[in-house]
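Heads up, the thing below is written out as structure tokens.
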Amino acid sequence: MRVNSNYYTQILNSINATQETLQADTLQLSTGRRVNSDSDDPTAASLEVGNLASTADAAQYEQNISSTQSLLQSASSALSSVVTNLTSAISQGVEAANGTMTAAQQTQIAATISGLRDQIIGLANTSVQGVYLFGGTASSTPPFALNANPATGVSYSGNNGVNAVPVGDNQTVQTNVPGDQIFASSSGNVMQSMTDLINAVQANSTSGIEAATGELQNAVNAVSLQQEFYSGASNQLTSENTSLQTETVSLKSQENNLVGADVATVATNMTLSQTSEQAALEALAKVAPMSLLNYLQ
Amino acid sequence: MSTLNSIMSIAGEALQSAQGALNVTANNIANSDTPGYTREVVNLTESPTVHQGTLQMGTGVSLQGFTSVRNEVLQLQIDNQTQQANSSLAQSNALQQIETAFPSSGGIGADMTAFFDSLSQLSTNPSSTSLRASVLSNASNLVSDFHAASASISQLQTGLDETVPKSTTEINQLSTQIANLNAQISSAGMAGQDSGPLVDQRDQLVSELSQITNVQTTSTPNGVTLTTGNGTPLVVGNQSFSLTSATGSDGLQHVLQNGQDITSSLTGGSLGGTLQVRDSELPALQTKLDTLASQFSSAVNSANKAGFDLNGVAGQAVFSTAGTSGAAASIQLALTSASQIAASSDGTAGSGGNLANLLAVQTTALPSGMTPVGAYSDLVYTVGNAASQSQTTNAAANAALGQLQSQQASLSGVSVDQETTNMIQYQQAYQAAAKVVSTVDSLYQILITMGVTVA
């Protein structure tokens, strides 16, 4: 059989092919990625789109959790201060009801309780970055104000709207309880009971004071119950955060499996390519000077 | 009866034949690196014998001519593979350019996610001006990337379109040259001349034509007949038929012959590959991109319209597009202020109730059946798969082409070693024939001195 004596082209092709492989391998090592363009692995590239979206979403959920946590904590600590104030008001009421008080002392106690009510109103108007935590979704103005008009002595200008924050795929956490449900609940009306106590002390009515302290006790229970909501939500966020961190790690590892370079294999392949390129070059060097003419001189 | 004259005549033929053979050898060596050159061999035959009584005597050698060592079938296969290789190369080059507009990390996919994530963040404080501004800026980034992706498709399409008239001109030039060569080969063949170099040139030109378009070759007594597409003639005998290009109703260049549009039948060569990407891959991609832009914006728009903005005003469209076709190029941000993001479900500034509706767009299937990010992921797959397929086809066609070319080179290529061996062989034959001449000459001298008349 006649052979193709133009082997230069073949050797050149083989050297070119090896260099192409080397270049691709170098790119993989320098980027750390196996898939450097969509066509390298169309399936992996398209799956990476979804993977990166989930990773970005998870990072956002974690950020949402962290900002929501601080809101929940502010609300929770405001409510525990309210409970403290309510408890002080109860002791003031008990003191006022023991019947040995002078009129001046009664006035003094009424003023103290009224001060406590002011503090409670202040706490009910707690705001974080301009957002009033207990105004429902009407959260841009203070929801509670002293007002002689309603029987409770305190008016509520908020609404009963609630907000929710996404903290996972299809998962949201309610971030607020409308203020009237906390401070003007039928099971324990904070504002009403404080106003009742002030009125009873001013009227020096022992039975009125006793009734009002009873109402206050109910109010303490009602507020504590709502405080449970905030700490419950906070706990939920903490556990959600943990699972998001796990998810992020697993997404990262998935991404690496999809498009990451197998550094050890690539490095080994490069060594093989280098060897084969050297072999091709040596073959060229050996074959090139071969000609019959060299032997006929 | 053999005579000195007849011996002299045999020696003369032998010298001529050896010279002719050396001529072929020299020509082969000279053209050993000429593209398209087919090696030639010398055709030597025995001269007819003469009978004298019972004696039968040879009358020497006769130089019949030179033959090019070629295999027409192999040449046809090479032309075929060339058409495939060049078509897939043109496709792969074009599609690689478009791949960068649809990256798996970043691009429209990442923009959409960033847009939804900023809405998600807005739900932590729906009245925050800075969080609202971030939503608006992400929406604006998305709009820019839709524009960029759409522009890179249309720019590539324009770039490919511009090569069509150039290719048409090249095809016409080659057709004319091949028709001329057909005429020359045909007249040379009749005169009994060696038409090897002319056929080499013609084969070379047909190969060049195969690089541009799909060509069917038929050999006829009047030379090769070449057709392209579905039998559109390019060359018949000594006549060539030109193609023209003209702008069609779609604004793109179409290839015509005698007013008949043959664009869709051109599938091979660089022109075929270019047309395939221009008329099939890119429009399909553009449609997918436009569908995504249009369906995404209308989903976001209706979600925004379901709520109230920061000032309690009913929400309006976030994006505007001029129809589905061309949506990716025409999409614009319709909101002028971040306050217009309708986060609220009850009209109060602090409500984030409608954000759930806006965020639902992220996880709800669009009319295309895919979520927005899913639709982008599909685009990435479509682009990557098309590019990858053309690369694979190209690699396979190149491998086959290399194999065929190597076969052709082993048959038709010049081996300098072989020619050197031939040269020595013919040189010795020449020397021996020359020796015969000088021997016969010395015999004449003997006869002349003997006074014998030469018979």
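The values are calculated or read from the model by the stated rules, or taken from the named source; none is laboratory data. What you see is a predicted model, and the numbers here were worked out from it, not measured in a lab. Note that we place each Cβ from the backbone using ideal geometry, even for glycine, and neighbour counts take in every protein chain shown.
The condition of being within 20 Å of A:I65 (Cα to Cα), surrounded by fewer than 20 Cβ atoms within 10 Å (Cβ to Cβ), touching a residue at least 24 places away in the same chain (Cβ under 8 Å) and not aromatic (F, W, Y) does not hold for A:V167. Please find, within segment B:49-78, the residue that is surrounded by the fewest Cβ atoms within 10 Å (Cβ to Cβ) out of those that are of a type in the set (A, V, I, L, M, F, W, C) and part of a helix (DSSP H, G or I). Checked segment B:49-78; the qualifying residue surrounded by the fewest Cβ atoms within 10 Å (Cβ to Cβ) is B:V73.
Is one or more of the residues making up segment B:341-351 in a helix (DSSP H, G or I) and either more than 33 Å from the chain's Cα centre (by Cα) or farther than 30 Å from B:V318 by Cβ (or both)?
no
Given B:V300, B:V277, which one is in contact with a strand residue (DSSP E or B) (Cβ under 9 Å, 6 or more places away or on another chain), at pLDDT 95 or above and part of a helix (DSSP H, G or I)? Of the residues listed, the single one that is in contact with a strand residue (DSSP E or B) (Cβ under 9 Å, 6 or more places away or on another chain), at pLDDT 95 or above and part of a helix (DSSP H, G or I) is B:V300.
Take the residues of segment B:419-436 that are of a type outside the set (A, V, I, L, M) and surrounded by fewer than 18 Cβ atoms within 10 Å (Cβ to Cβ): which is nearest to the other protein chains (Cβ to nearest Cβ)?
Going through the qualifying residues, I end up with B:T420.
Filtering segment B:79-92 for residues that are assigned to a helix (DSSP H, G or I), at pLDDT below 95 and hydrophobic (A, V, I, L, M, F, W, C) leaves an empty set.
With the requirement that a residue be within 18 Å of the chain's Cα centre (by Cα), outside any helix (DSSP H, G or I) and of a type in the set (V, I, T), what does segment B:191-246 give you? Scanning segment B:191-246 gives B:T213, B:V215, B:T217, B:T227, B:T228. Just to verify a result, which residue in segment B:27-48, among those that are farther than 30 Å from A:Y8 by Cβ and surrounded by 12 or more Cβ atoms within 10 Å (Cβ to Cβ), is farthest from the chain's Cα centre (by Cα)? Only one residue tops the list, namely B:S47.
With respect to the conditions (1) buried (at least 16 other Cβ atoms within 10 Å of the Cβ); (2) in a helix (DSSP H, G or I); (3) within 11 Å of chain A (Cβ to nearest Cβ), B:S130 falls short on a single one, namely (1). Within segment A:28-46, the set of residues being touching a Phe, Trp or Tyr at 6+ places or on another chain (Cβ under 9 Å) and buried (at least 16 other Cβ atoms within 10 Å of the Cβ) comprises A:D38, A:P42, A:A45, A:S46.
Of all residues in segment B:306-340, exactly one satisfies the criterion of being crowded, with 17+ Cβ neighbours inside 10 Å, of a type in the set (S, T, N, Q) and assigned to a loop (DSSP other than H, G, I, E, B), namely B:T321. Within segment A:183-214, which residues are part of a helix (DSSP H, G or I) and surrounded by fewer than 17 Cβ atoms within 10 Å (Cβ to Cβ)? Of everything in segment A:183-214, those that are part of a helix (DSSP H, G or I) and surrounded by fewer than 17 Cβ atoms within 10 Å (Cβ to Cβ) turn out to be A:N199, A:T206, A:S207, A:E210, A:A211, A:G214.
For segment A:23-41, a tally of residues being under 33 Å from the mean Cα position of the chain (by Cα), free of Cβ contacts under 8 Å to residues at least 60 places away in the same chain and assigned to a helix (DSSP H, G or I) returns 1. Yes or no: B:A342 touching a Gly at 6+ places or on another chain (Cβ under 9 Å), away from every other protein chain (no Cβ under 11 Å) and touching a residue at least 12 places away in the same chain (Cβ under 8 Å)? Yes; evaluated as a whole, the condition is true for this residue. Could you list, ordered by first residue, the pairs with Cβ atoms under 7 Å in which the first is in segment B:11-30 and part of a helix (DSSP H, G or I) and the second is charged (D, E, K, R), at least 6 apart or interchain? Between residues of segment B:11-30 that are part of a helix (DSSP H, G or I) and residues that are charged (D, E, K, R), the close pairs are B:V24/B:E40; B:T25/B:E419; B:N27/B:E40; B:N28/B:R39; B:N28/B:E40; B:N28/B:E419; B:I29/B:E419.
Considering segment B:102-113, and only residues there that are at the interface with another protein chain (Cβ under 7 Å from one of its Cβ atoms) and of a type outside the set (F, W, Y), the residue that is surrounded by the fewest Cβ atoms within 10 Å (Cβ to Cβ) turns out to be B:S105.
When B:A365 is tested against (1) more than 23 Å from A:N64 (Cβ to Cβ); (2) more than 8 Å from chain A (Cβ to nearest Cβ); (3) part of a helix (DSSP H, G or I), only condition (3) is not met. Of all residues in segment B:379-393, those being more than 7 Å from chain A (Cβ to nearest Cβ) and either under 20 Å from B:Q84 (Cα atoms) or not β-branched (V, I, T) (or both) number 6. For segment A:77-96, check the following and say yes or no: at least one residue is over 18 Å from A:N218 (Cβ atoms) and not in a helix (DSSP H, G or I). No.
Here is a yes/no grid of residues against (1) within 30 Å of A:L293 (Cα to Cα); (2) of a type in the set (F, W, Y); (3) modelled with pLDDT of 95 or more; (4) in contact with a helix residue (DSSP H, G or I) (Cβ under 9 Å, 6 or more places away or on another chain):
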residue: B:V361; (1), (2), (3), (4): no, no, yes, yes
residue: B:T371; (1), (2), (3), (4): no, no, yes, yes
residue: B:A375; (1), (2), (3), (4): no, no, yes, yes
residue: B:S388; (1), (2), (3), (4): no, no, yes, yes
residue: B:N398; (1), (2), (3), (4): no, no, no, yes
residue: B:S406; (1), (2), (3), (4): yes, no, no, yes
residue: B:S410; (1), (2), (3), (4): yes, no, no, no
residue: B:Q418; (1), (2), (3), (4): yes, no, no, yes
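Of the residues making up segment A:281-292, those that are part of a helix (DSSP H, G or I), surrounded by fewer than 11 Cβ atoms within 10 Å (Cβ to Cβ) and within 14 Å of another protein chain (Cβ to nearest Cβ) number 0. Of all residues in segment A:87-104, those satisfying the criterion of being over 30 Å from A:T68 (Cβ atoms) and surrounded by 13 or more Cβ atoms within 10 Å (Cβ to Cβ) are A:S88, A:A89, A:I90, A:Q92, A:G93, A:E95, A:A96, A:A97, A:M101. For segment A:109-158, give me each residue that is in contact with a helix residue (DSSP H, G or I) (Cβ under 6 Å, 6 or more places away or on another chain), closer than 28 Å to A:N98 by Cβ and of a type in the set (A, V, I, L, M). Across segment A:109-158, the qualifying residues are A:I109, A:A110, A:I113, A:L116, A:I120, A:V154. None of A:S114, A:S140, A:S77, A:S81 is away from chain B (no Cβ under 14 Å), under 30 Å from A:Q226 (Cβ atoms) and without any contact (Cβ under 8 Å) to a residue 12 or more places away in the chain except A:S77. Has segment A:67-85 got at least one residue that is over 30 Å from A:Q174 (Cα atoms) and touching a helix residue (DSSP H, G or I) at 6+ places or on another chain (Cβ under 7 Å)? Looking through segment A:67-85, none of the residues is over 30 Å from A:Q174 (Cα atoms) and touching a helix residue (DSSP H, G or I) at 6+ places or on another chain (Cβ under 7 Å).
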